[in-house]
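Below: the structure, in structure tokens.
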Amino acid sequence: MPPIEVLENIFWVGAVDWNVRHFHGFTYSTHRGTTYNAYLIVDEKTALIDSVYGPFAEEMIVRISEIIDPSKIDYVVANHVETDHSGAIQEILKLAPQAKVIGTARCKEGLQKHYFGNWDFQVVKTGDEINLGERRLKFIETPMLHWPDSMFTYIEKDALLLPNDAFGQHLATSKRFDDEVDEKILMDEAAKYYANILWLFSSLVIRKIEEIQKLGLKISMIAPSHGIIWRGNPMKIVEAYLRWARGEAGRKILVVYDTMYGSTEKMAKAMVEGITSEGVETVLVRLPVSDRGDIIKELLEAKGILVGSSTINSGVLPDVAPFLEEMKGLRPRNKIAAAFGSYGWGGGAVKIIEESLEKAGMELVAPALTVKWVPDKDEMQKCFEFGKKFAKKVTKTK
Ligand code: FEO
């Protein structure tokens, strides 16, 4: 794949990782692979914005070499330390040892502790600019979106925002732009990315977008460092981020459970019937056979969640516990919730679920529903009514 000219004299020189199936260790499933986007700006001075994951360094250097001699690079802008974007910097600096590395103070600290290089580093902060000739690079610090070192680069001439991880998606494709790919797949991957990487920082997301709006920066294109570039309607992803950050979601209910001998599953399915009878969309997920990253993405788009588990050793089943921990960590905004589950000689699971849902910041809108042993006909009807009532609450919740 050759380099792609994104705008006049601005080239995508990144790499497509078709085969990666896990990110951040094994915490994020990347069913559709990913890309590491690096951008080369050719002007009186030449700048490389971000690089690629180390194993793809050669691929990036070949692309750069099709445009210029890499030794001519004057600036390497590191918007973010994480190795999927900085991994190839040392290879570039071997070819262009005179190049200045640009980043925040935290970035400098992070790059030094990763690569131990004696590099010419220029620390920048919000509002600082570097003149390339026709274009100027402007920097905006974005701490904790999603690391302390993170920043955005902006080019006024093209109204181009280069926000590194923000607005990205893990999507490997031979296409580079939003108007060239399936919109549903694109937004699904963008939502999964937000839910798994940025959800916890939603307050900061809102504040940073407001700050950029106050700076009056016109944005015609957003070129993140993963996935495709937003050029058709870049505000679409900004508006989606604001929606997700505010906890706005559709009338959808996620029913998440695990079951030992099938009783909790019977309860879950009866609840799904009750929810459906109210015309509310629902998604049923059994934890041990489902992907955690996909479930978190479903939760982002759901107004309510029902969590069920059989009781074992006075607690929840082993696959339920990490999901509850994950929700406590992400602290989803503006969700309603309830618990359910079956038990044998002693209960306990629903109490743990309720405590976890509350710690995650969700509003418990009904006492937990429990069933001893196997649900009989009356109890199945209660489960149906439980789902129905919960669906009514979802339709009334703003
Ligand atoms: Fe894509 Fe935070 O690295």
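Below is a table of values for the structure above.
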quantity	calculated
Odd one out for L7, checked against (1) within 16 Å of the ligand (Cβ to nearest atom); (2) open to solvent by 30 Å² or more (accessible area, probe 1.4 Å); (3) hydrophobic (A, V, I, L, M, F, W, C); (4) within 25 Å of I140 (Cβ to Cβ)	(1)
Number of the condition not met by K125 [criteria: (1) at pLDDT 95 or above; (2) under 30 Å from D17 (Cα atoms); (3) not in a strand (DSSP E or B)]	(2)
Residue within the range 172-188 that is over 21 Å from K45 (Cβ atoms), within 16 Å of the ligand (Cβ to nearest atom) and of a type in the set (D, E, K, R) present	no
Checklist (1) within 17 Å of Q169 (Cα to Cα); (2) within 13 Å of the ligand (Cβ to nearest atom); (3) touching a Lys or Arg at 6+ places or on another chain (Cβ under 9 Å) applied to V81, failing item	(1)
Number of the exception - E239 against (1) assigned to a helix (DSSP H, G or I); (2) crowded, with 16+ Cβ neighbours inside 10 Å	(2)
Residue, nearest to N313 (Cα to Cα), within the range 342-379, restricted to residues that are within 28 Å of the chain's Cα centre (by Cα) and part of a strand (DSSP E or B)	L364
Enumeration of residues in the range 54-72 that are without any contact (Cβ under 8 Å) to a residue 40 or more places away in the chain and either under 31 Å from the mean Cα position of the chain (by Cα) or within 14 Å of the ligand (Cβ to nearest atom) (or both)	G54, P55, A57, E58, I61, V62
Leading residue by the ranking (modelled with the highest pLDDT) among those in the range 20-53 that are within 13 Å of the ligand (Cβ to nearest atom) and open to solvent by 30 Å² or more (accessible area, probe 1.4 Å)	Y53
Checking P288 against (1) open to solvent by 20 Å² or more (accessible area, probe 1.4 Å); (2) more than 30 Å from R21 (Cβ to Cβ), the condition it does not meet	(2)
Qualifying position, being more than 19 Å from D258 (Cα to Cα), assigned to a strand (DSSP E or B) and not assigned by TED's automatic domain parsing to the domain that holds S203, among K392, K303, K382	K303
Residue pairs meeting the criteria (Cβ under 7 Å; at least 6 apart or on separate chains; first within 26 Å of N334 (Cβ to Cβ), in the range 197-223; second exposed (fewer than 13 other Cβ atoms within 10 Å of the Cβ))	L200/G329
Residue tally, condition in a loop (DSSP other than H, G, I, E, B) and within 13 Å of the ligand (Cβ to nearest atom), over the range 144-170	15
Tally, over the range 127-157, of residues that are of a type in the set (S, T, Y) and in contact with a Ser or Thr (Cβ under 9 Å, 6 or more places away or on another chain)	2
Tally of residues being at pLDDT 95 or above, within 21 Å of the chain's Cα centre (by Cα) and open to solvent by 10 Å² or more (accessible area, probe 1.4 Å) across the range 220-233	2
Single residue of the range 85-118 satisfying the filter (in a helix (DSSP H, G or I) and open to solvent by less than 10 Å² (accessible area, probe 1.4 Å)) that is nearest to the ligand (Cβ to nearest atom)	H85
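Matching residues to (1) over 26 Å from the mean Cα position of the chain (by Cα); (2) under 24 Å from C383 (Cα atoms); (3) aliphatic (A, V, I, L, M):
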{"position": "M271", "(1), (2), (3)": "yes, yes, yes"}
{"position": "I275", "(1), (2), (3)": "yes, yes, yes"}
{"position": "D294", "(1), (2), (3)": "no, no, no"}
{"position": "K297", "(1), (2), (3)": "no, no, no"}
{"position": "A321", "(1), (2), (3)": "no, yes, yes"}
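The values are calculated or read from the model by the stated rules, or taken from the named source; none is laboratory data. This is a predicted model, so every value here is computed, not measured. Neighbour counts are summed over all protein chains in view; Cβ atoms, including those assigned to glycine, are modelled from backbone coordinates with ideal geometry. Only protein heavy atoms, including side chains, enter the accessible area calculation; ligands, DNA and RNA are left aside. Shrake-Rupley method; radii C 1.70, N 1.55, O 1.52, S 1.80 Å.
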